[in-house]
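What follows is one structure encoded as structure tokens, with my remarks underneath.
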Amino acid sequence: MKIQPLGDRVLVEPMKDDEQKKGGIIIPDTAKEKPQKGKVIALGTGRIDDDGKKVPFNVKKNDVVLMPKYGGTEIKIEGKEYQIMREEDILAVID
């Protein structure tokens, strides 16, 4: 299934942090924080400004981005979790 976001929305695949066990303590999945890094999978058609001109995206496909913990809409496609969010909700691009 292929998803194409609309407008200024971006499809992001959250990246799981490597699970680290310090002192032999295992943290259950329910207690773990949501990932804040993600990989841009697809871009929408773009935002239109007040003059009717298309505004280019600041992010591109395959960028690794920093996103808010509880932003966007979570969806599941073929067993994989994704988030759809507005480009303005993305906090930063990680090099």
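Somewhere in region 74-81, is a residue surrounded by 11 or more Cβ atoms within 10 Å (Cβ to Cβ), of a type in the set (Gly, Ala, Ser) and on the phi > 0 side of the Ramachandran plot? Steps first, answer last, please.
In the first step, residues of region 74-81 are kept if they are surrounded by 11 or more Cβ atoms within 10 Å (Cβ to Cβ); the result is 74-75, 77, 81.
Filter once more, so that each one left must be of a type in the set (Gly, Ala, Ser): none.
Within region 74-81, none of the residues are surrounded by 11 or more Cβ atoms within 10 Å (Cβ to Cβ), of a type in the set (Gly, Ala, Ser) and on the phi > 0 side of the Ramachandran plot.
Confirm whether Lys60 is of a type in the set (D, E, K, R), surrounded by 10 or more Cβ atoms within 10 Å (Cβ to Cβ), at pLDDT 90 or above and in a strand (DSSP E or B).
Numbers: of a type in the set (D, E, K, R): yes; surrounded by 10 or more Cβ atoms within 10 Å (Cβ to Cβ): yes; at pLDDT 90 or above: yes; in a strand (DSSP E or B): no.
Answer is no for this residue.
Answer yes or no as to whether Lys69 is outside any loop (DSSP other than H, G, I, E, B) and either surrounded by fewer than 15 Cβ atoms within 10 Å (Cβ to Cβ) or in contact (Cβ under 8 Å) with a residue 60 or more places away in the chain (or both).
On the way: outside any loop (DSSP other than H, G, I, E, B): no; either surrounded by fewer than 15 Cβ atoms within 10 Å (Cβ to Cβ) or in contact (Cβ under 8 Å) with a residue 60 or more places away in the chain (or both): yes.
Criteria not met by Lys69.
Quick check on Val40: is it part of a strand (DSSP E or B), at pLDDT 95 or above and in contact with a helix residue (DSSP H, G or I) (Cβ under 6 Å, 6 or more places away or on another chain)? Spell out the reasoning first.
Details: part of a strand (DSSP E or B): yes; at pLDDT 95 or above: yes; in contact with a helix residue (DSSP H, G or I) (Cβ under 6 Å, 6 or more places away or on another chain): no.
Considered against the rule, which asks whether it is part of a strand (DSSP E or B), at pLDDT 95 or above and in contact with a helix residue (DSSP H, G or I) (Cβ under 6 Å, 6 or more places away or on another chain), Val40 comes out as no.
Residue under question is Lys69, and the condition is that it be under 16 Å from Ile94 (Cβ atoms), among the basic types (Lys, Arg) and at pLDDT below 95; does it hold? Don't jump to the end; show me each part of the working.
On the way: under 16 Å from Ile94 (Cβ atoms): yes; among the basic types (Lys, Arg): yes; at pLDDT below 95: yes.
The answer is yes for Lys69.
The values are calculated or read from the model by the stated rules, or taken from the named source; none is laboratory data. The model shown is predicted, which means the values in this text are computed figures rather than measured ones. Virtual Cβ from ideal backbone geometry, glycine too; neighbours counted across all protein chains shown.
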